[in-house]
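Engineer: Provided herewith is a single structure, encoded as structure tokens, for subsequent inquiry.
Please treat every number below as a calculation from the coordinates, not as lab data. Not measured: the values here are computed from a predicted model. Positions of Cβ are generated from backbone atoms using ideal geometry, with glycine treated the same way; all protein chains shown enter the neighbour counts.
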Amino acid sequence: MGINRRKTNARPLASLFNRRPGGDEAEIFKAIVLDVILDEGHKLITEKRIGVGKIGNIKFIPMTHGFLEGKDSDYFAAPFDKNITTLPVKNEKVDIFKSTTGYFYRRSNDNLTPNVDNSEDAIERLFTGLKSSGDDSKTGDDYGSTANTGIANKSDAGSGEDTGYGDAFESDKADSIHKLKLYEGDTLLESRFGQSIRFSGYNNSENKFAPTITIRNGENPDSLQSEVGTSTEENINKDGNIIFLGSGEKLLEWTLPTTNAKESFFNFPTELKGNQILLSSDRIILSAKASQMIFASKEDMGFITDGQFSIDTTKGINVTADDNIYFDVKGNRDFQITTSGGGTIALGSTNKFELEPAVKGKTLVKLLSDFMLIVAQQIFVTPSGLSAPGPTNNPKINKIHSELNNILSSNVQLK
């Protein structure tokens, strides 16, 4: 009998739960997870109660009238879909599907939050003290009352060893994660931890067809404070990490995370529509381990940051532009180009035979000053004897001498 088919005869649903495993009609029933096998070191594997290849399987306690074995029974189920495994946690409800090859589980979806769907003491409340089906003191009706009400038919509350959701799962986050808001035709993959992948065509206020894919890792703090049971929506500006693939008229309501004005990006888009990809996170790392990294843009490419923009390279930098290049340094800041190994700085040409050395300003001023002082004090030998010191136009030479420092640039410095 296939695991994906229910009986077609209109039998009451409760009758499906009145048979033990192996019964013809026990196709789908609810169960409580007692243990989850996470690795080959799990005690159920090392004690050889289940095979080594059963990682991802669960041990469960059925929540049906016919199963009265309680916590000591060995019922195991494998993931319903071997390619997509969504693990439950201890004390959580699951749907169990019976087939000719065994039992398979799927997380139950009748809960307010994707995180958990049961209290962390469900096993203790529902199954502590339940005896095997051979004990006439416990009837199917007694068990059904316990499973439905959550109140164990026993005076003591149990040892407490089966409480909690596991070794690492944090119960205080159980009600914080919210389901995603739905749009017509959506396909969603949601985890219990706030990760999600949405394939949507109408997730826009205008209900216009615009296929999008939204990958989210982490529901944002504001959304986590919302009332339990309400739905939420991805927020590209607040969620932990977002990868968004948009199209059509879907408006991407993303805002720059920087305070830096877009002064150099003259053609920054006024609205974000059409085919586009956004990656938003606290930190983004792109790493090409073995070959090139290529950035190509049909139109403008801009870098905007509140921090420092830097490039460290082993084999140099080549820039070829078919238009003007501008550098605008504001706020009384320096613009420096240095060479540390005796290299040269070439301006105007790459052909060294067309270049001439630049003049050092202070050195030139000193040489010209010394020369003018010599000229101003020189004495000529004439037929009538030595001339008076200096030429007759000394005042003009002195004036030029006093203005020599004007040839020095206040911004450009040379070594």
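Engineer: For the stretch 162-295, what is the relative contact order in percent, using Cα pairs closer than 8 Å and at least 6 residues apart in sequence? Could the numbers behind the result be given before it?
Structural biologist: Details: 204 pairs, mean separation 26.1, N = 134.
It comes to 19 percent, rounded to a whole number.
Engineer: Continuing with this model, one more query. What chymotrypsin sites (Phe, Trp or Tyr not before Pro) does the stretch 309-396 have in DSSP loop regions with at most 15 other beta carbons within 10 Å?
Structural biologist: On the way: sites: Phe309, Tyr326, Phe327, Phe335, Phe353, Phe371, Phe380; in loops: Phe309, Tyr326, Phe327, Phe335, Phe380.
Loop-located and lightly packed - Phe309, Tyr326, Phe327, Phe335, Phe380.
Engineer: Tell me, what ³J(HN,Hα) does each residue in the stretch 230-239 have, in order and in whole Hz, if you take phi through Karplus 6.51 cos²θ - 1.76 cosθ + 1.60 with θ = phi - 60° and put x for Gly and Pro?
Structural biologist: 7, 9, 10, 9, 4, 10, 5, 9, 10, 5
Engineer: May I ask you to compute the full-extension gain from Ser369 to Thr259, defined as 0.36 nm times their residue separation minus their alpha-carbon distance, rounded to one decimal in nm?
Structural biologist: On the way: separation 110, 0.36 × 110 = 39.60 nm, distance 5.03 nm.
The Ser369-Thr259 span can extend by a further 34.6 nm.
Engineer: Hey, another quick one. Using Cβ contacts closer than 10 Å as the measure, can you line up Met63, Met301, Met372 from fewest to most? List each step's numbers first, then the result.
Structural biologist: Working: Met63 22, Met301 9, Met372 17.
Sorted ascending by nearby Cβ count, the order is Met301, Met372, Met63.
Engineer: Where does each of Leu87, Leu182 land when they are ranked from fewest to most other beta-carbon atoms within 10 angstrom? The partial results should precede the final answer.
Structural biologist: Details: Leu87 16, Leu182 13.
Fewest to most other Cβ atoms nearby, the residues stand as Leu182, Leu87.
Engineer: Count neighbours as other Cβ atoms within 10 Å of each site's Cβ, and list the trypsin sites (Lys or Arg not before Pro) in the stretch 279-367 that are DSSP loop with at most 11 such neighbours.
Structural biologist: Within the stretch 279-367, the qualifying trypsin sites (Lys or Arg not before Pro) (loop, at most 11 other Cβ atoms within 10 Å) are Arg283, Lys289, Lys298, Lys315, Lys330, Arg333.
Engineer: Here's another thing I want to ask about it. Normalising by the residue count of the stretch 337-415, find the relative contact order in percent from Cα pairs under 8 Å and 6+ residues apart. Could you put the intermediate results ahead of the total?
Structural biologist: Working: 44 pairs, mean separation 21.2, N = 79.
Normalised by residue count, the contact order of the stretch 337-415 is 27 percent.
Engineer: Could you check the spin-label model distance between Glu170 and Ala290? Points 7 Å from the Cα along Cα→Cβ, value in nm.
Structural biologist: 3.9
Engineer: What residues qualify as long-range amide H neighbours of Asn57, i.e. H under 5 Å apart, gap of 5 or more or another chain, H built at 1.01 Å from N?
Structural biologist: Amide H neighbours of Asn57: Ile37.
Engineer: Per-residue HN-Hα couplings for the stretch 57-64, Karplus 6.51 cos²θ - 1.76 cosθ + 1.60 at θ = phi - 60°, whole Hz, x for Gly and Pro?
Structural biologist: Per residue, the Karplus-derived 3J(HN,Hα) values read 6, 10, 9, 10, 10, x, 10, 10 Hz.
Engineer: What is the fewest-to-most order of Thr101, Thr113 by other Cβ atoms lying within 10 Å of their Cβ?
Structural biologist: Working: Thr101 8, Thr113 17.
Starting with the residue having the fewest Cβ neighbours, the order is Thr101, Thr113.
Engineer: Residue by residue through the stretch 398-404, what is 3J(HN,Hα) from phi via Karplus (6.51 cos²θ - 1.76 cosθ + 1.60, θ = phi - 60°)? Round to whole Hz and write x for glycine and proline.
Structural biologist: 4, 5, 4, 4, 6, 9, 4
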